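Each remark here refers to the structure printed beneath this line.
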Amino acid sequence: MGKRKLTIQQQRRIRERRRDGGSPSPAEMAADRALGPEREGVVITRYGSQADVLPPDFSADDQPQRCHIRANLTDLVTGDRIVWREGHDTGVIERARTRQTIMARPDKQGRSRPVAANVDRIAVVIAPEPRPHASLIDRYLVAAETQGIRPLIILNKVDLLTGPDAGHLKALLDTYAELDYEVLRVSARNGDGMGPLFAYLADHTSVLVGQSGVGKSTLVNILCPGAAATVGSLSEQAAKGRHTTTSATLYAMPNGGRLIDSPGIREFGLWHLDTRAVAEGFVEFRPVLGGCRFRDCRHLDEPGCAVLEAAARGQIQARRLASYQHIVRELLDH
Ligand SMILES: Nc1nc2c(ncn2[C@@H]2O[C@H](COP(=O)(O)OP(=O)(O)O)[C@@H](O)[C@H]2O)c(=O)[nH]1
Ligand SMILES: [Mg+2]
Ligand SMILES: [Zn+2]
């Protein structure tokens, strides 16, 4: 094979990319020759038509390669598995592998925008300060459950746990423990409980969700030594006001775990769900969901509702039912 000739495979690849199916131009052939062989990779961060890429088994010290994204791969996001080819300066992402999961948020027009792919652990972070809203926790739990992911609850800032707040918070967390949610108590400040958290996230791709100020970025920086997530509410507010699309980043934990830090993950919620999916997301509703008199029961005030009856018997916590009804009423209002 001559030095200046493309392999049949390279020619086919170039032809496939061209809308008219014509032969590759000399410039296209030259560009293709400058690229390395196809490799498996993962998207670290997306920047418009480019993305930073690393091999799937990357570690914290590896420098990502900037790659052009082929025009047909419009919705690639952080965490996506891809096939790419190294270049001198800029590489190319050729193909996307099938996703296992996708987390999305609404854009300004209310359309679903993917933000993170292949996440298989979602941790809801709360703290004594800012005070947790139980209904917000429920929202995150439901959003995770509907992805088929059993979420973990992290109580961060246990170093601040004193006085009457401690009892209030314990009662709240007990209600989740009753529902079989794993609850880990940690302090990013003094390192308490970080060992079990590391272990829980090992070999998984995780995201931390939760209110601003609970310590998500601080935790990311401890869990992933190479990360430089911005800590502090001021910078977060500044980022929010800038209206730029803040991009998610995939970081490596030393134990093989991966963590996606996404400023937009706060909006990760329920806006795209129907009432049936929300009810399914309340795990304790599941055993009775088939038992309502009406097949399309929304469990608000319908007669013969098995969920309302279970709540009346004390089988479903009143607070969780109220939370469910609040979410559904909001969805129905849209
Ligand atoms: N006392 C205490 N403060 C913490 C802890 N973790 C984070 N913080 C502080 O909480 C504030 C918000 O943290 P940040 O990571 O930006 O929260 P995020 O908005 O959830 O990303 C910062 O001032 C952190 O220093 C902790 O475990 N204990
Ligand atoms: Mg943050
Ligand atoms: Zn019902």
Condition met for Glu86 (more than 30 Å from Asp165 (Cα to Cα) and buried (at least 17 other Cβ atoms within 10 Å of the Cβ)): yes
Boolean, Thr175 is among the hydroxyl-bearing types (Ser, Thr, Tyr), surrounded by fewer than 21 Cβ atoms within 10 Å (Cβ to Cβ) and within 17 Å of the chain's Cα centre (by Cα): no
Qualifying positions in region 95-129 - surrounded by fewer than 21 Cβ atoms within 10 Å (Cβ to Cβ), within 28 Å of Arg85 (Cα to Cα) and not hydrophobic (A, V, I, L, M, F, W, C): Arg95, Arg97, Thr98, Arg99, Gln100, Thr101, Arg113, Pro114, Asp120
Test: residue in region 66-83 that is within 14 Å of the chain's Cα centre (by Cα), outside any loop (DSSP other than H, G, I, E, B) and of a type outside the set (Asp, Glu): yes
Condition check for Arg111: farther than 22 Å from Arg70 by Cβ, among the basic types (Lys, Arg) and without any contact (Cβ under 8 Å) to a residue 60 or more places away in the chain: yes
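Conditions tested, residue by residue: (1) within 16 Å of ligand 2 (Cβ to nearest atom); (2) touching a residue at least 60 places away in the same chain (Cβ under 8 Å); (3) not aliphatic (A, V, I, L, M).
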residue: Val115; (1), (2), (3): yes, yes, no
residue: Glu129; (1), (2), (3): yes, yes, yes
residue: Leu172; (1), (2), (3): no, no, no
residue: Ser187; (1), (2), (3): no, no, yes
Residue selected from region 297-327 under the condition among the small types (Gly, Ala, Ser) and loosely packed, with under 15 Cβ neighbours inside 10 Å, by the criterion nearest to the chain's Cα centre (by Cα): Ala322
Residue among Glu309, Glu302 that is in a loop (DSSP other than H, G, I, E, B), touching a helix residue (DSSP H, G or I) at 6+ places or on another chain (Cβ under 8 Å) and acidic (Asp, Glu): Glu302
Any hit, region 223-233, residues being modelled with pLDDT of 60 or more and away from ligand 2 (no atom under 16 Å from the Cβ): yes
Matching residues in region 133-160 - criterion: being more than 20 Å from Val278 (Cβ to Cβ) and crowded, with 18+ Cβ neighbours inside 10 Å: Leu152, Ile154, Leu155, Asn156, Lys157, Val158
Filter result for the condition that a residue is under 24 Å from Val42 (Cβ atoms) and touching a Gly at 6+ places or on another chain (Cβ under 6 Å), over Ala116, Ala188, Ala123, Ala144: Ala116
The lone exception for Gly195 - which of (1) free of Cβ contacts under 8 Å to residues at least 24 places away in the same chain; (2) touching a strand residue (DSSP E or B) at 6+ places or on another chain (Cβ under 7 Å) it fails: (2)
So Asn221, is it outside the structural domain of Gly281 (by TED's automatic domain parsing), within 13 Å of ligand 1 (Cβ to nearest atom) and closer than 17 Å to Tyr251 by Cα: yes
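The values are calculated or read from the model by the stated rules, or taken from the named source; none is laboratory data. Computed from a prediction, not measured in an experiment: that's the story for all the values here. Neighbour counts run over all protein chains shown; Cβ positions are idealised from the backbone, glycine included.
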